[in-house]
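Taken together, the values in this text are just the output of simple stated rules run on the coordinates, not laboratory data. Just so it is clear, the structure is predicted and the values come from calculations on it, not from any experiment. Here the Cβ is made from the backbone with ideal geometry for all residues, glycine too, and neighbour counts use every protein chain on show.
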Amino acid sequence: MTHLRLHAVNDWASLIVHLALEELAVPYEIAPHDWDAGTLASPEFRALNPQGLLPVLETPDGPVFETGAILLWLTETYGRLAPPPGSPGRTQFLSWFVFVANTLHPTAVDLLHPDRPGGEALAGAVGTVAKANLIAQLALLEVEAALLPTWLQPQNPSILSLYLLVILRWITTFAADAALNVRLDAFPHLQALVLAQELRPAIARVAEAEGLGPTPFSAARA
């Protein structure tokens with residue numbers, strides 16, 4: 001496999017892909033973007049992703065966009081960080097992976113940016129509902145994590161656990177209203193996963209590269 005190029009902004013969803021690339025130990029480079037400079041609206045970037053959104057991964061097969069699609073492409077290409085197609089647990093893994101990508105992640109965005117759905121007037125209500133929904137969603141994941149499937153084991157990173165690391169970083173520290181931050185210690189199995197995977201050398205390298213601090217997932221700094 002030849003070189004990969006990740007279009008990214010520090011601590012955006014591209015962080016999830018960055019973690020996966022480092023865990024896979026494959027050659028890649030980061031193409032940093034400046035949101036304020038408008039680079040995502042350029043014709044060159046829109047040729048990679050017509051939506052003008054990050055992340056985008058340039059690959060020998062062409063550009064891949066959407067976080068979940070990129071992560072699945074990586075696992076299918078390199079044969080790691082997920083149960084392989086046809087293996088026991090693959091269907092369960094896919095269900096929970098899509099749950100994190102399509103349900104947990106959008107709810108987290110509502111907590112971080114509650115003004116987006118209906119403006120500032122509704123931001124308080126949106127944030128409150130988002131926190132309640134996140135707690136319910138994390139409770140489901142906590143039950144699953146207690147069963148220790150291969151893709152949610154503290155010592156065994158997967159694209160699902162890496163996705164969770166980043167979502168948990170955001171919702172425990174960066175809610176638009178600090179009173180709405182979710183408590184990680186309310187979910188002990190998920191907390192154990194975070195504490196163990198945060199110590200992995202690959203994850204520490206990404207945290208340093210993106211300036212996330214020494215405990216970026218277990219005790220992030222606002």
Fill in: residue 4 long-range amide H proximity, modeled H, under 5 Å
28, 29
Worksheet entry | Distance (nanometres) between label positions extended 7 Å along Cα→Cβ at residue 148 and residue 174 | 3.3 nm
Response to the item:
For residue 156 and residue 69, extending 7 Å from Cα along the Cα-Cβ vector and measuring point to point gives, in nm, a value of 3.0 nm
Worksheet item: When the Karplus curve 6.51 cos²θ - 1.76 cosθ + 1.60 is applied with θ = phi - 60°, which whole-Hz ³J(HN,Hα) does each residue of the stretch 31-42 get, with x for Gly and Pro?
Response: 9, x, 10, 10, 4, 5, 7, x, 5, 6, 8, 5
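Check every DSSP H run in the chain and write down those whose alpha carbon atoms cover 20 angstrom or more along the long axis and whose mean Kyte-Doolittle hydropathy is -1.0 or greater. Can you show the working numbers first?
On the way: long enough: 123-146 (34 Å, 1.14); 159-173 (22 Å, 1.85).
TM-like helix candidates: 123-146, 159-173.
Would you kindly work out the equivalent ellipsoid of the stretch 4-78 from its C-alpha gyration tensor and give its semi-axes, the square roots of five times the eigenvalues, largest first in whole Å?
Details: eigenvalues 79, 35, 20 Å².
Each semi-axis is the square root of five times an eigenvalue, giving 20, 13, 10 Å.
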Discussion item. When only alpha-carbon atoms are used, what values of Rg and Dmax, in angstrom, describe the stretch 136-213?
Written reply: 12.6, 35
Worksheet item: Can you give the calculated 222 nm mean residue ellipticity of the chain, where each DSSP H run of n ≥ 4 adds -39,500 (n - 2.57) and the sum is split over every residue, rounded to the nearest 500 deg cm²/dmol?
Response: -14500 deg cm²/dmol
Worksheet item: How far is the Cα center of the stretch 1-52 from the Cα center of the stretch 151-222, in Å?
Response: 21 Å
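Can you give me the relative contact order of the stretch 4-78 as a percent, contacts being Cα pairs under 8 Å and 6 or more apart? If you can, show how the numbers build up before the last one.
Working: 100 pairs, mean separation 26.4, N = 75.
Worked out over the stretch 4-78, it gives 35 percent.
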Worksheet item: Between residue 209 and residue 35, what is the spin-label point distance in nm, taking each point 7 Å from the Cα along the Cα→C-beta axis?
Response: 2.1 nm
Item to complete: Mind checking the full-extension length gain between residue 125 and residue 192? Use 0.36 nm per residue of separation minus the Cα-Cα distance, one decimal, nm.
Response: 21.0 nm
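Determine the relative contact order of the chain: mean sequence separation of Cα pairs under 8 Å and six or more apart, normalised by residue count, in whole percent. Before the final figure, lay out the partial values.
On the way: 310 pairs, mean separation 41.5, N = 222.
Once divided by the residue count of the chain, the mean separation gives 19 percent.
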